[in-house]
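Participant: Shown below is the structure under consideration.
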Amino acid sequence: MAKVGALSPRVPGWMLVLLCLMMGTFLGKLLQIFSLSAPLFRDLLYFGVDTGRVDLMAFSVGFSFRMDFNLGTFIGGVIGVWIAK
């Protein structure tokens, strides 16, 4: 008998948790728009790295990475762990 929470036997649990974290963060960002839920879903932690623009001879490159943690991220992580079990 298959696990109740397993979507597919080939999908690893860490991938489900990562997907739920990303969806929870997106949902938290979406709920920041509304004035009623904005105080609950404010960003608790913000981390970002930006190299700007690096010009090389033939092309220019840039790298930007940003992570926002809010209540939606936490809820998404809990749901992801619950589904992965």
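Participant: Tally time: how many residues in segment 23-77 are part of a helix (DSSP H, G or I) and surrounded by 13 or more Cβ atoms within 10 Å (Cβ to Cβ)?
Facilitator: 15
Participant: Among the residues of segment 34-76, count how many are of a type outside the set (D, E, K, R) and under 13 Å from the mean Cα position of the chain (by Cα).
Facilitator: Number of matching residues: 13.
Each reported figure results from applying straightforward, stated rules to the coordinates on display, with no laboratory input. Because the structure is a prediction, the values reported are computed rather than measured. Here Cβ is always computed from backbone atoms with ideal geometry, including for glycine, and neighbour counts include all displayed protein chains.
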